[in-house]
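Below is one structure, written out as structure tokens, with a few remarks after it.
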Amino acid sequence: MARTFSYRRQEIVEKSPSIASIQERWPALFDTSQVKEEFRRLTAVELETTFIANLDKHTDTLLALFRTKGGNAGQQISEILSMLNQDTHGNEEDLEQLTLRIITKGGSTDDPLQTGVMLEGIEVMTGLAGVAKACVVLVGLIYAINLSYPKELRYTFEFFQKILLELDSGKLSPKVYSLKNRLLC
């Protein structure tokens, strides 16, 4: 993979092939270790180590902030947190319409949580160990495949990129800047 990096990168950036085409042409790119390595080649940052360490550092403060939210935002956050504790099966048509998605299946004592990543309606990775690891892999895939952040999730991915991965952290949107200040208090 390292030897073909420049050729693969040029192809992905210039031609913007579909996910199915990338999967067919570069199947190793959808292996967890290769996603992390590709991210390191692009950014010189250790993806999983940096992401998880900063997530651990900020988790207590984030959960406290989530619990204090009221109104519509608080309701949505409560629903999301409760969904993480349940088996969530989406409608197949809904899944195909989303560009990026973390999918979870199971989650009981008999059936442990299985997490995966779906891009352009295609389940590209499965068997990931939890939602945090799936977020790590999803961010790595976004960089490796040169995807844009979905508009409705731009602040979430900006938080991942600039706070958890410490990339380009000097240029924060007002929402992420406000969150960063709350985390540092």
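Every read-out reported here was derived from the displayed coordinates using simple, explicitly stated rules and does not represent laboratory data. Note that the structure is predicted; figures quoted are calculated from it, not measured. All Cβ positions, glycine included, derive from the backbone under ideal geometry; neighbour counts span all protein chains shown.
Quick one: which of Lys105/Lys175; Lys15/Lys175; Lys15/Lys57; Lys105/Lys180; Lys36/Lys57 span more than 28 angstrom between C-alpha atoms? Over 28 Å apart, Cα to Cα: Lys105/Lys175; Lys15/Lys175; Lys15/Lys57; Lys105/Lys180. Less than 5 angstrom separates the built amide H of Ile103 from those of Gly116, Val117, Met118, all sequence-distant by 5 or more or on a different chain. Residues Glu166, Glu48, Glu14, ranked from the fewest to the most other C-beta atoms within 10 Å, line up as Glu14, Glu166, Glu48. The HN-Hα couplings worked out from phi for segment 119-132 by the Karplus form 6.51 cos²θ - 1.76 cosθ + 1.60 (θ = phi - 60°) are 10, 6, x, 10, 6, 9, 9, 9, x, 7, 8, x, 5, 4 Hz, whole numbers, x standing for Gly and Pro. Taking amide H positions as modeled 1.01 Å from N, with prolines and chain starts lacking one, no residue 5 or more places away or on another chain lies under 5 Å from Leu147. Among Tyr177, Tyr7, a tally of other beta-carbon atoms within 10 Å of each Cβ gives an order, fewest to most, of Tyr7, Tyr177.
Summarising the label geometry, the points placed 7 Å from Cα in the beta-carbon direction at Val131 and Ser6 lie 4.2 nm from one another. Whole-Hz Karplus values for segment 52-58 come out as 5, 4, 6, 5, 4, 4, 9 Hz, taken residue by residue from phi with 6.51 cos²θ - 1.76 cosθ + 1.60 and θ = phi - 60°; glycine and proline positions read x. Going from the fewest other Cβ atoms within 10 Å to the most, the residues Val13, Val176, Val137 appear in the order Val13, Val176, Val137.
With a Förster radius of 22 Å applied to the beta-carbon distance between Lys171 and Val45, the computed FRET efficiency rounds to 0.85.
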